Structure formats: structure tokens, C-alpha cells
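Below is one structure, written out as C-alpha cells; the observations come after it.
The values are calculated or read from the model by the stated rules, or taken from the named source; none is laboratory data. Here the structure is a predicted model, which means the values were calculated and not measured. Ideal geometry is used to build each Cβ from the backbone, glycine not excepted, and the neighbour counts take in all protein chains shown. Only protein heavy atoms, including side chains, enter the accessible area calculation; ligands, DNA and RNA are left aside. Shrake-Rupley method; radii C 1.70, N 1.55, O 1.52, S 1.80 Å.
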Amino acid sequence: MRISREEASIWGIFTSTLKGIFGVGIIMLLVCMILSRRITAGIVNPIEKMASNIDSASTEGIYEELVPFVTTIRKQHEDILKSAKMRQKFTANVSHELKTPLTSISGYAELIETGIAGEKETRHFAHEIYRSAQRLLMLINDIIKLSELDSDKMEIAATDVDLYAAACACVESVSMNAKKQGLRISCTGRPVWTRGDKNMIDELIYNLCDNAIRYNRPDGSVTVTVGERDGRAMLSVKDTGIGIPEESQERVFERFYCVDKSRSKNTGGTGLGLAIVKHIVAQHHAQIELESKVGIGTEITVWFEKAR
């Protein structure tokens with residue numbers, strides 16, 4: 001007698017368990033999808049929150065590893081906004097400053113054209129037109145210079161520059177203007193060499209001297225000094241003028257900022273001279289210092305790196 005039992009093959013076992021494996025796989029896939037969405041949301045939410053509140057100074061809820069990155073982004077964002085506001089303000093100021101002399105020229109020219117003015121008045125009007133035209137030209141020239149200095153493509157033609165020779169040449173060129181204002185101007189010191197753009201440095205010295213002459217007093221003086229101190233080249237322009245109030249000293253290098261607007265217009269100042277100086281100082285990686293007392297005078301000192 002033979003007794004036997006039928007046994008299932010491995011394929012039969014696999015077929016019988018396939019449904020179970022398939023069901024478990026679907027459950028695991030669903031669980032993984034739910035968990036991945038939650039984990040991803042937990043990672044991304046702080047970043048999205050940061051992006052929607054880029055102006056906020058708070059770092060709460062931001063990953064510690066991202067704090068330096070976030071700080072840099074926010075600083076760049078602030079710089080961009082600040083730059084945009086400055087450009088907008090600059091455009092408004094330019095429009096206003098250009099409109100004033102143009103309105104004056106137009107008004108005087110209209111009076112001459114209609115024949116209302118006599119010969120004496122015509123000469124006076126012609127003089128005022130000339131003054132307004134000169135102011136307009138100065139404004140345009142200063143605006144062009146500032147635009148050039150603002151340009152990212154601005155390149156410095158670096159050469160060895162003798163500050164003392166440059167200062168003495170500038171003093172000689174403005175001495176006639178100083179004499180007309182009843183001022184004494186002098187250049188003292190000794191030859192000190194720096195590395196920089198000769199034209200820019202000449203422009204810097206001229207603007208400092210021009211400013212010192214414009215805002216001086218009758219029978220006053222302007223002293224330009226060149227020397228060396230602490231291993232650096234020093235250029236100083238000192239005047240005996242009206243001085244700058246302490247609360248205005250930080251703003252005098254802003255574009256179109258004038259401590260005394262009425263005096264600035266009377267002397268033909270554009271309010272851009274010290275702004276140009278500030279840009280040139282920055283281009284040469286130099287430092288600028290200002291000391292002033294109302295009624296006593298002002299001294300502006302620029303520190304350059306010495307040429308090797």
C-alpha cells in the first residue's frame with residue numbers, strides 16, 4: 001500500500017502570498033508619501049516664511065545653519081532698497097535743481113523778448129541769464145562726474161601722484177577766484193607720493209578748495225597742507241569760513257545737501273562738490289575726516305596710502 005500527499009511548489013507558495021505582499025507594499029507606499037510630505041513641509045515652511053518676511057530682522061524659526069545666509073540676503077535686499085530710494089531722491093533733486101535756473105533763464109528771456117525791459121534792465125536780465133546758465137552748466141558737469149563715478153565700469157588709471165605738486169597746482173588755478181573773494185590761499189608741506197588716478201585727485205583737491213572759498217568770510221584764508229603721518233600721505237584743506245553745525249557734519253557729503261541753501265545759490269554752489277569728493281575717496285580706498293566749528297572754520301583731511 002502507498003500513502004502520499006501532494007506538496008505545493010515554490011511558485012504556488014509565491015502565488016498564494018502575492019496578494020499579501022502587494023497589499024503591504026501599497027500600505028508602505030502610502031505611509032511613506034504621508035511621512036515625506038510632512039517632513040518636506042517641516043523643512044520648507046521655515047524657508048518660505050523667511051522668503052515672505054525678507055524685511056524682518058528676526059531669525060526666529062530659521063535653521064541655525066541658514067542664519068548667515070539669511071543675514072547676507074537681507075543685507076543685500078536692504079542695500080538694493082536703499083540704493084533705489086537714493087536714486088529716486090537724486091532724480092527728484094536733479095529735476096528741481098535744473099528747473100530753477102531754467103525757469104530763471106526763461107523768465108528773463110521772455111521779458112527781453114516782449115520789449116518791456118529798458119536798456120538798463122536788459123543788461124541786468126542778460127547778467128542774470130548768464131549766471132543761471134553758468135549754474136546750469138556746473139550742475140550738468142557735476143552730475144556727469146557723479147554718474148561716471150557711480151558706474152561699475154569706472155576704471156582708475158593708477159599712477160604715482162605727487163600730492164604736494166597737485167595741491168600747489170590747484171591753489172595756483174583758484175588763486176584768482178580767492179583774490180576776488182578777498183581771501184588768502186596758500187599751499188604748504190612737502191612732496192609725498194601716493195598711487196591713484198591723477199585726474200580724480202586733481203578733481204578732489206579742486207572741489208575741496210572751491211568749497212573752502214565759497215563758504216569763507218571776507219578777509220579769510222584757505223590753507224592747503226600736504227604731509228606724511230603714521231606712514232600715510234595726508235592732504236588737508238583748512239578754511240576760516242562760516243563752519244558747519246555739528247548736526248549737519250554727517251550729511252555734508254550727501255548729494256545736493258547744503259547747510260545754507262541761500263548762500264549756496266548766491267555763491268553758485270551745486271551741492272555736489274563734497275559728494276564727488278566722497279566718491280573719489282572711496283575709489284582710492286582712502287579715508288576722510290572733517291572737523292568744523294561754527295564761526296571759526298572747517299578742516300577736511302584725506303588720508304591716502306603712500307606709493308611704494
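In this structure, is residue 97 assigned to a helix (DSSP H, G or I) and open to solvent by less than 40 Å² (accessible area, probe 1.4 Å)? Yes; evaluated as a whole, the condition is true for this residue.
Residue by residue through the stretch 102-141, note down the ones that are of a type in the set (Gly, Ala, Ser) and assigned to a helix (DSSP H, G or I). 104, 106, 107, 109, 126, 132, 133, listed by residue number. I'd like to check something: does the stretch 210-217 contain any residue that is more than 18 Å from residue 274 (Cα to Cα), free of Cβ contacts under 8 Å to residues at least 40 places away in the same chain and either open to solvent by 50 Å² or more (accessible area, probe 1.4 Å) or of a type in the set (Asp, Glu) (or both)? Taking every residue of the stretch 210-217 in turn, at least one turns out to be more than 18 Å from residue 274 (Cα to Cα), free of Cβ contacts under 8 Å to residues at least 40 places away in the same chain and either open to solvent by 50 Å² or more (accessible area, probe 1.4 Å) or of a type in the set (Asp, Glu) (or both). Is it the case that some residue within the stretch 61-82 is open to solvent by less than 60 Å² (accessible area, probe 1.4 Å), of a type outside the set (D, E, K, R), under 30 Å from residue 235 (Cα atoms) and modelled with pLDDT of 70 or more? No, because not a single residue in the stretch 61-82 is open to solvent by less than 60 Å² (accessible area, probe 1.4 Å), of a type outside the set (D, E, K, R), under 30 Å from residue 235 (Cα atoms) and modelled with pLDDT of 70 or more. Checked against the criterion of being open to solvent by 70 Å² or more (accessible area, probe 1.4 Å), within 21 Å of residue 273 (Cβ to Cβ) and either free of Cβ contacts under 8 Å to residues at least 60 places away in the same chain or touching a Leu at 6+ places or on another chain (Cβ under 9 Å) (or both), the stretch 143-162 has at least one qualifying residue. Sub-7 Å Cβ pairs linking a first residue in the stretch 175-195 that is farther than 21 Å from residue 231 by Cα and without any contact (Cβ under 8 Å) to a residue 24 or more places away in the chain to a second residue that is among the basic types (Lys, Arg) and buried (at least 16 other Cβ atoms within 10 Å of the Cβ), at least 6 apart or interchain, number zero.
The residue that is modelled with the highest pLDDT, among those in the stretch 216-250 that are in a loop (DSSP other than H, G, I, E, B) and under 17 Å from residue 301 (Cβ atoms), is 240. Note on the stretch 104-142: residues that are of a type in the set (Phe, Trp, Tyr) and open to solvent by 40 Å² or more (accessible area, probe 1.4 Å) amount to 2. In the stretch 166-209, the residue that is surrounded by the most Cβ atoms within 10 Å (Cβ to Cβ) out of those that are over 30 Å from the mean Cα position of the chain (by Cα) and assigned to a strand (DSSP E or B) is 185.
Contact annotation: residue pairs with Cβ atoms under 6 Å, 6 or more positions apart or on different chains, pairing a residue in the stretch 228-243 that is free of Cβ contacts under 8 Å to residues at least 60 places away in the same chain and within 19 Å of residue 171 (Cβ to Cβ) with a partner that is in a strand (DSSP E or B) and open to solvent by 20 Å² or more (accessible area, probe 1.4 Å), are 240/221.
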